[in-house]
Amino acid sequence: MAPKFGTSGLRGLVTELTPDLVSAHIRAFLAACPNGGAVHVGQDLRPSSPAIAEAVMSAITGAGLTAIDDGVLPTPALALAAMRAGHAAVMVTGSHIPADRNGLKFYLPGGEISKTDETAILAALDSPAPDAGQAGARQKTGSVPAQDYVARYAGAFGPGALEGLRIGVYQHSSVARDAMIEVVTALGAEAVPLARSETFIPVDTEAVDPKTRDQLAGWCADHNLDALISTDGDADRPMVADATGRIVPGDVLGALTARALGAQVICTPVSSNTMIGEMPEFGTLHRTRIGSPFVIAAMEAVLADDPAAKVVGYEANGGFLLGFTAEAPAGPLPPLMTRDCLLPILAPLALARAGGKDLAALVAALPPRFTAADRLTGVEPETARAFLAELDGDAAARAAFFDGLGPETEVDRTDGLRLRFASGDVIHLRPSGNAPEFRCYTEAASPARAEDLLASHLGKLRARL
């Protein structure tokens, strides 16, 4: 599919992300949005990222601004550095999608772009700002932004937070592969590096394939691990497994992290586990469309009403957003209103250790709702949307497709089509907005039931699409 600009920025095939197209989007971004006089540029480890980053920086200096080259680093580390400096930022990454694709993520001096900013950027593509009469400068920061990102959590959690734990770090081609080693070591754990790769591996933390799950379980057994951690390619999504190698879903990590930080208001997409509504310590729950801009918009609305609100956001993929200064085990942790991977990795592990439990026991004590998710690839959004429109408009078609699940008790159209049945089972179908993927989310009263629902409905979707 042709490159598309949406909730996660610009994404498309590398062959179609030409210097002219990249430059046009950068110029439109600079014309439509505040930038603070400079733009930080980061990149992931895809083979195509250096050339695209060069096109990004050339467009920035061509507009007369300073391009600050932060190099290869986690997306939240880039956002942290840019926000501290009062500058805009652009991350060159395709996140979890394959290496034949790439993209750009855009940040204002105050954080991620909103849907309003997205609309303004698209409008500016028709008449981007002209080149400046004099080229801007370039600066290179080296490893400082990544070091500051690690120091944020080393200082807040302290050297004893993970003392005595043996933690595997699935490094693959994540930009956080060194940061993860550094931070768990700083918190007192023994880090065990695993499977570092010089070839890009597209890890989707929300849809981990069976082969990888088996690999995680094998590493945990072979290395006698207390937990295993990883991230997606640009490190704004965590992956955490317990001592058996069982992955803790991202929305469960989100609930545990919110508990560890003393949050009171939760903003999370409609796809997240409904257990959060059964946890009495949280006063208010706001459900949103899927995507960090929608979560951030909900958090900002909460803070507009009450600037002292202890509000956090998280997504089913595990990306966590902190909207208040929280008290961590060793000191204050300032807000960071962008998807982060390290906080939802560290907070649940530290919470479990502080309570004298392992991670599995901590998870087992939560309300018993279980989710599963996966995707079909190669399904164009237009095809997916047409199929969903058919189901949405015809109750008989839904009954036929969801045969055996009993009567519907709720139809939620917040984002895609999410149905709850009298049994308590939930099926949520949603096309990707910027990749040829069709997502299926399930929820049930047991892990086995959620997995069975996922397998059967992916099979139905595969046959139809």
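The values are calculated or read from the model by the stated rules, or taken from the named source; none is laboratory data. The structure presented is a predicted model; accordingly, all values stated were derived computationally and were not measured. Glycine gets a Cβ as well: all are built from the backbone with ideal geometry, and neighbour counts include every protein chain shown.
Going by the structure shown, is residue 415 of a type in the set (Asp, Glu), in a strand (DSSP E or B) and touching a residue at least 24 places away in the same chain (Cβ under 8 Å)? Outline the logic, then answer.
On the way: of a type in the set (Asp, Glu): yes; in a strand (DSSP E or B): no; touching a residue at least 24 places away in the same chain (Cβ under 8 Å): yes.
No, not satisfied.
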Looking at 298, 308, which one is more than 21 Å from the chain's Cα centre (by Cα) and either of a type in the set (D, E, K, R) or assigned by TED's automatic domain parsing to the domain that holds residue 285 (or both)? 308
Any residue at all in segment 221-235 that's at pLDDT below 95, under 16 Å from the mean Cα position of the chain (by Cα), within 26 Å of residue 274 (Cβ to Cβ) and buried (at least 21 other Cβ atoms within 10 Å of the Cβ)? no
In segment 1-48, which residues are small (Gly, Ala, Ser) and without any contact (Cβ under 8 Å) to a residue 24 or more places away in the chain? 2
Residue match in segment 142-159 (condition: assigned by TED's automatic domain parsing to the domain that holds residue 245, touching a Lys or Arg at 6+ places or on another chain (Cβ under 9 Å), within 13 Å of residue 349 (Cα to Cα) and buried (at least 20 other Cβ atoms within 10 Å of the Cβ)): no
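Which count do you get for residues in segment 356-384 that are in a helix (DSSP H, G or I), closer than 30 Å to residue 462 by Cα and in contact (Cβ under 8 Å) with a residue 24 or more places away in the chain? If you could, list the steps in order and put the result at the bottom.
Filtering segment 356-384 for residues in a helix (DSSP H, G or I) gives 359-364, 381-384.
Pick out the ones that are also closer than 30 Å to residue 462 by Cα and you get 381-384.
This time we only want the ones that are in contact (Cβ under 8 Å) with a residue 24 or more places away in the chain, so: 381, 383-384.
Number of matching residues: 3.
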Does residue 113 meet the test of being modelled with pLDDT of 95 or more, of a type in the set (Val, Ile, Thr) and surrounded by 15 or more Cβ atoms within 10 Å (Cβ to Cβ)? no
What number goes with the only condition from (1) more than 23 Å from residue 106 (Cβ to Cβ); (2) touching a Phe, Trp or Tyr at 6+ places or on another chain (Cβ under 8 Å); (3) at pLDDT 95 or above that residue 360 does not pass? (2)
If residue 345 satisfies every condition in (1) assigned to a loop (DSSP other than H, G, I, E, B); (2) more than 11 Å from the chain's Cα centre (by Cα) but one, which is the exception? (1)
Scanning segment 245-266 residue by residue, those under 13 Å from residue 280 (Cα atoms) and in contact with a Gly (Cβ under 6 Å, 6 or more places away or on another chain) turn out to be 264
In segment 273-295, the residues that are surrounded by 24 or more Cβ atoms within 10 Å (Cβ to Cβ) and touching a Cys at 6+ places or on another chain (Cβ under 8 Å): 295
Selection within segment 254-281 - over 21 Å from residue 418 (Cβ atoms) and at pLDDT 95 or above: 256, 257, 258, 259, 260, 261, 262, 263, 264, 265
